[in-house]
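A.B. asks: Attaching a single structure in structure tokens format; questions to follow.
Just so you know, all these numbers are worked out from the coordinates, no wet-lab data involved. Nothing here was measured: the structure is a model prediction, and the numbers come from that model. So basically every Cβ, Gly included, is an ideal-geometry build from the backbone, and we count neighbours across all protein chains shown.
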Amino acid sequence: MAFFFLLIPWLTDSRYFLHIFVMIFFFGYLATCWNILGGFAGQHSFGHAVFVGIGAYTSSLLFAHTGLSPWFGMWIGGLLAGLVGLFFGFLSFRYGLKGPYFLLVTIAFAEVFVYIALNVRAIGGSSGITIPLAGDAPFFFQFNGKMPYYYIILMMLGLVVWISYIIQRSRMGYYLIAIRENEDAAQALGINLMRHKLWATVISAFFSALGGTFYAQYILFIDPPSILGLGLSIEIVIYAIVGGIGTILGPAFGAFLLFPIAEVTRGVFAGQTGGIHLMVYGLLLVLCVIFMPGGIMGRLSQWKFLREDGPSKR
Amino acid sequence: MIREFNLKKFRGIWFLAFVLSISLIFWNSISVAQPKTVKIGGLLTLTGSLAKAGEEIKHGIEMAAEDVNKAGGIKALGGAKIEVVFGDSQAKPDIGAGEAERLVEREKVLAIMDQYPSVVTLAASAVTERLKTPFLAPISYADKNAERGFKYYFQQNAKTGSKGTGAAWYEFEYMEYLAKVAGKKFEKVAIIYEDTDYGQAGANGLRNFCGEKGYKVVEDISYPSRTPDVTPIISKLKAAKPDVVLMVSYLGDSILIMKTADRLGFHVPWIDNTGKAHSSYIKALGEIAEYDNVLNMWNKDLDKRAKELNDRFKTKYGEDMTGHGALEYQAIWVLKAAFESAKKADREALRVALTKVEIKPGPDMFMPFRFIKFGSNGVNTGGGFILTQVQSGDFVTVWPEKYAVGKVKIDPKWWK
Amino acid sequence: MDVAALVQAIVTGLVMGGIYALVAAGLTLIFGVMRIINLVHGEFLMVAMYGSFFMNSLFGLDPYISVVVILPLLFLIGSGFFRFLISPILSAPEINQILLTIGASIFIQNLALLLFTADFRTIALSYSRIKIQLGPGIIDLPQLVALLSSILLTLILYWLLKSTDLGRWIRAASQNREAALLTGIDVRRVYLFTFGIGTACVGVAGSLLSGIYYITPSIGWLFLLTAFVVVVLGGMGNFVGALLGGFIIALTESVGSLFMPIALVPVLKFIIFIILLLFRPQGLFGLKRL
């Protein structure tokens, strides 16, 4: 079945259509990264866009100023994001931030980044960064057609899904779930809370940053609100939860369901008096929460012919 | 002991994904082809904090399309009518880019016109450049847009910081004119601006011009545009005692700023870029708005045609047409002229026609421009701005003298 | 340093603090009692402002009078929202509840966009320009009224919580839900009232702010994040704390603006927020760890 996705670019020559898929995979990718920290470890970050943005900015700045190919720059971005995650995670976990407090501190943290980025002209300020156009330049992570982007992000998605799977069935995954369900009990059992939470944070941050580079190379333009802002952070969380927080495929599925719906409703309603398409979206979110508390995966796992492995609810 | 990851168990999920993908493919191949119409895409911000502007611009475009169609459509294409299909960028560059793709591919528009913010213009025009579709930016005048060497990008206004043609230039020139009229020498200037691209680019231009002519910039304040309290800005201005304040702001912050200035008893001439150019500004501030100087691209009192245009607009939509609406209105006529010369409903022909089109004051020119002709970088250097002053609760065009309908009034409270 | 500017900054800080506290009052109640991060709170503020606007434009009612209508209206809206949307998912993971409020927020904001358009509305009051001079510091009448109302509201809420039965039940339910149930308190009903009262509070805020700010569907978000900072600063569920917290944040912002680039001032409150959350999440005035 997975082969089907590999074939899609050959079934259509619609750029728009491929764009939709690229974006679905992209958001699915980010949601899956988030899920490592938010779903497995149960630490709900509402500031994950920071990591995405660090990746995007690092690779883009390096490319724009030194000509370093984003293929290399992205690892540096990932490393940087991992360090930031380490720092910020250490602080938060050291002082015992949990649940809503952790959530709030991640928002504050991200907003600080946004304001700083807006005001530091050296990294573009509010004008953001326009990634230098290189045309069709595979070595510089730029392509004219959509197909290369499609396959790259599909591979990246596959990678983080696989990583999620590995984590989940590893001892670390086991510990993370224990931490998520009951931190005190986990600690009593001798599980090193800090170490595992930090690992989850760093891994999540690192891969989120790689996604940021992808975005920068795809859209060719980044600015603080779009790549560091609360809007993106919330969007990521929405996909993960609607899809099924804590599951392996859930987050990607959330993107698969919600993104096209948002696109289609915008296409149908945008022309009329504004706001209808977002009303539909908001309503959909509300309905999802009420009728699908475990997300899509939670709902699907109730059907007999398939069962999700691993926890489908918090 | 650890759970098994068995692909077979996920049959259902793959099935779902398959169904979704197939339906997307089929949905995608349904396209509507309308004979005898020429489709143009309008990429606006129809939701979010800029929704108001988007709505007005939508009306401007709709009325323009109606007017063109009523006047016989595009004669070179057998009277083909202009049909505008709208997209909502939600003021976000990635959504703007996606909408551009959708408009070009699904809706098969022959060209896209947009609105702002400039980040959306940047992202969306990058898409249209790759898709070889003409992109006309009727409003955007931020610096970066035209510096990319694009062939399909056309901009109706000059960069804000361009000497002689940009918005910042007009704002600055008016300041010198005002000084002359008031018979007062301006030495100290304050520049305040909101912190997005619009504000920063405008402020850069103003700063440059002030520096060149030797004005002392006593306060240079960038502020976050969504802020609930602007008192610190006014406090600083009060302390610095400038002769005039040059601002680059949006409507919401302008309202708060002017209210606060009145509250704190700070009275000097304010010259704003285009943020206040809206009837709801006057409605919100009432008396306080009197004597305010606001840059605009167009005003309903410019000439008989402008008045007639506005009357019709007002009857239809219940409020005055804005300068931005007028720019978009004009842009439709630019496209019409281009189609007439292209003689083909084809993107490449349209692009070539746009590089050659030249509109001078006449039946196709509604703006106070010298001309519309896109240079080699796609920028029209014949654009221009006017300055309106709020007098007796309405915007009156007072400058340049060529277009002035009324005289600049000096507020007796200034500099006291 | 300019003394006049400093005095102005302090005076403005007090007024803005009062305004923040007005918005935060309802939020601290909801967050404090139910631990729900209520992201739809800002939209309710917007609804109240629109309500106030229409009371004024259709019936000529002064917002200070129409608040009598707005308050119960928002109470009903809040209770209804709780009853039909939150109550069913009360036992769901917190993150789901937050997601629901996000979805509701998007829905309500765009519903307002559809119904009212994005037009900036303002209420012009005959007395909005009356200025009050406090030394070199100037504020105007609506601002002063907002500040005084904020203090009044805080006192009323404090009394409510301290001295009424409902207040005791609320406090019990917020301290220990199971224990409260055991003592026979209908916790769900208490929550209903809490949400209703919290929303009614923001209704009052909306009425008072409608004469000061412009009204547009997205106006709620101007205050929401700051309100959360104030809530945590003052200690969840602590009204007096929220008032003082509001003052602290607002004064930090307005006095801070005198010494640093205004564009960076918003960062201050977030830094305060982070420090608070790390080192003293119960706020300056809250009780020990919850």
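A.B. asks: Compute for the range C:3-279: radius of gyration divided by Kirkwood radius, i.e. Rg/Rh, restricted to C-alpha atoms, rounded to two decimals. Working shown, then result.
C.D. replies: Details: Rg = 18.5 Å, Rh = 19.1 Å.
Dividing the radius of gyration by the Kirkwood radius yields 0.97.
A.B. asks: Related question: Provide, in order from the shortest bin, the percent of all Cα-Cα pairs of the range A:2-228 in each 5 Å bin, continuing until the bin that contains the maximum pair distance.
C.D. replies: With 5 Å bins starting at 0, P(r) equals 1, 7, 14, 18, 18, 15, 12, 8, 5, 2, 1, 0.
A.B. asks: Place the peptides B:200-212, A:112-124, A:21-33 in order of packing, highest mean first, counting for every residue the other Cβ atoms within 10 Å and averaging per peptide.
C.D. replies: Packing proxy ranking, top to bottom: A:21-33, B:200-212, A:112-124.
A.B. asks: On to the next question. Positive end of the charge dipole of chain A (Lys, Arg +1 and Asp, Glu -1 on Cβ, about the Cα centre): tell me which of A:Tyr174, A:Phe253, A:Ser14 has its Cα farthest that way.
C.D. replies: The residue sitting most towards the positive pole is A:Tyr174.
A.B. asks: Report the charge-dipole magnitude of the protein assembly as shown in Debye, nearest 20, computed about the Cα centre from +1 at each Lys and Arg Cβ and -1 at each Asp and Glu Cβ.
C.D. replies: 1160 debye
A.B. asks: Then there's this: Can you find, among A:Leu198, A:Gly125, A:Gly229, the residue farthest towards the positive end of the dipole of chain A? Put +1 on the C-beta of Lys and Arg, -1 on that of Asp and Glu.
C.D. replies: Going by the charge dipole, the pick is A:Leu198.
A.B. asks: To the nearest 20 Debye, how big is the dipole of chain C about its Cα centre, given +1 on the beta carbon of each Lys and Arg and -1 on that of each Asp and Glu?
C.D. replies: 620 debye
A.B. asks: Give or take rounding to whole Å, what are the principal axis extents of the alpha carbon atoms in the protein assembly as shown, in descending order?
C.D. replies: Principal extents (Cα only, largest first): 84, 72, 53 Å.
A.B. asks: Take every DSSP beta bridge whose two residues both sit in chain B, then give the antiparallel share in percent to the nearest 5.
C.D. replies: 25 percent
A.B. asks: For chain A, modelled as a Gaussian network with Cα springs under 10 Å, which listed residue fluctuates most, A:Pro224, A:Pro132, A:Pro251?
C.D. replies: A:Pro132
A.B. asks: With the cut-off at 26 Å, tell me which of the pairs B:Lys58/B:Lys163; B:Lys159/B:Lys304; B:Lys238/B:Lys402; B:Lys241/C:Lys269; B:Lys314/B:Lys373; B:Lys70/B:Lys344 have Cα atoms farther apart than that.
C.D. replies: B:Lys58/B:Lys163; B:Lys159/B:Lys304; B:Lys238/B:Lys402; B:Lys241/C:Lys269; B:Lys314/B:Lys373
A.B. asks: For Cα pairs less than 8 Å apart in space and 6+ apart in sequence, what is the mean separation divided by the residue count of the range C:112-176, i.e. the relative contact order in percent?
C.D. replies: RCO, the range C:112-176: 14 percent.
A.B. asks: Roughly what angle does helix B:11-29 make with the longest principal axis of chain B, taking Cα atoms, 0 to 90 degrees, to the nearest 10?
C.D. replies: 70 degrees
A.B. asks: Would you be so kind as to identify all helices of chain A, as entire DSSP H runs, whose Cα atoms reach 20 Å or more along the helix's own axis and whose mean Kyte-Doolittle hydropathy is at least 1.0? Intermediate values should be presented prior to the final figure.
C.D. replies: Working: long enough: A:15-35 (29 Å, 1.20); A:49-66 (25 Å, 1.29); A:70-94 (34 Å, 1.37); A:99-119 (31 Å, 1.64); A:147-169 (33 Å, 1.35); A:193-219 (38 Å, 0.73); A:230-244 (21 Å, 1.93); A:250-269 (28 Å, 1.20); A:276-291 (22 Å, 2.68).
Flagged H segments are A:15-35, A:49-66, A:70-94, A:99-119, A:147-169, A:230-244, A:250-269, A:276-291.
A.B. asks: Which one of B:Ala289, C:Ser174, C:Ile102 is farthest out on the positive end of the charge dipole of the protein assembly as shown, using unit charges on Cβ (Lys, Arg +1; Asp, Glu -1) and the Cα centre as origin?
C.D. replies: C:Ser174
A.B. asks: Let me ask you something else. Compute the angle between helix B:167-182 and the longest alpha-carbon principal axis of chain B, please, reported from 0 to 90 degrees and rounded to the nearest 10.
C.D. replies: On a 0 to 90 degree scale, this one is about 20.
A.B. asks: Sorting check: for B:269-275, C:68-74, B:78-84, which peptide has the highest mean count of neighbouring beta carbons within 10 Å, and how do the rest follow? Each step should come with its number before you reach the end.
C.D. replies: Working: B:269-275: 26.0, C:68-74: 19.4, B:78-84: 16.4.
Descending mean neighbour count gives B:269-275, C:68-74, B:78-84.
A.B. asks: What do you get for Rg/Rh of the range C:11-95 when both radii come from the Cα atoms and Rh is the Kirkwood radius?
C.D. replies: Value, to two decimals: 1.04.
A.B. asks: Dipole magnitude of the range B:207-261 about its Cα centre, charges +1 at Lys/Arg Cβ and -1 at Asp/Glu Cβ only, in debye to the nearest 20?
C.D. replies: Once rounded to the nearest 20, the dipole reads 100 debye.
A.B. asks: What average number of partner chain Cβ atoms lie no more than 10 Å from the Cβ of the residues making up C:210-218? Could the numbers behind the result be given before it?
C.D. replies: On the way: counts 0, 0, 3, 6, 11, 1, 6, 7, 8.
Mean inter-chain Cβ contacts per residue within 10 Å come to 5.
A.B. asks: For peptide A:289-295, what's the mean number of Cβ atoms from other chains within 10 Å of each residue's Cβ? Walk me through the intermediate numbers first.
C.D. replies: Details: counts 14, 9, 2, 1, 6, 3, 2.
The shielding value for this peptide is 5.
A.B. asks: Run the reach check for C:Lys131 against aspartates and glutamates, Cα to Cα strictly under 14 Å, same-chain hits fewer than 8 apart removed. What comes back?
C.D. replies: Qualifying aspartates and glutamates at Cα under 14 Å: B:Asp262, C:Asp140.
A.B. asks: As I understand it, the value is the acute angle between the Cα axis of helix B:304-317 and the longest principal axis of the Cα atoms of chain B; what does it come to in degrees, rounded to 10?
C.D. replies: Roughly 60 degrees between the two axes.
A.B. asks: Take the residue pairs B:Lys356/B:Lys407; B:Lys360/B:Lys413; B:Lys36/B:Lys316; B:Lys213/B:Lys300; B:Lys75/B:Lys132 and return only those whose Cα atoms are more than 31 Å apart.
C.D. replies: B:Lys356/B:Lys407; B:Lys360/B:Lys413; B:Lys213/B:Lys300
A.B. asks: What is the Cα radius of gyration of chain B over 2.2 N^0.38 Å, N being its residue count? Working shown, then result.
C.D. replies: Working: Rg = 23.6 Å, N = 416, 2.2 N^0.38 = 21.8 Å.
Here the answer is 1.09, to two decimals.
A.B. asks: Still on this structure, I have one more. Highest mean first, what order results for A:232-241, A:153-162 on Cβ atoms within 10 Å? Show your work: numbers first, answer last.
C.D. replies: Values: A:232-241: 26.3, A:153-162: 18.9.
Peptide ranking by packing, descending: A:232-241, A:153-162.
A.B. asks: How well do other chains shield peptide B:91-97, expressed as the mean number of their Cβ atoms within 10 Å of each residue Cβ? Don't skip to the end; give the middle numbers.
C.D. replies: On the way: counts 2, 6, 9, 10, 5, 3, 6.
Shielding by partners across B:91-97 averages 6.
A.B. asks: How many angstrom separate the Cα center of the range B:51-65 from the Cα center of the range A:74-96?
C.D. replies: Between the Cα centres of the range B:51-65 and the range A:74-96 lies a distance of 46 Å.
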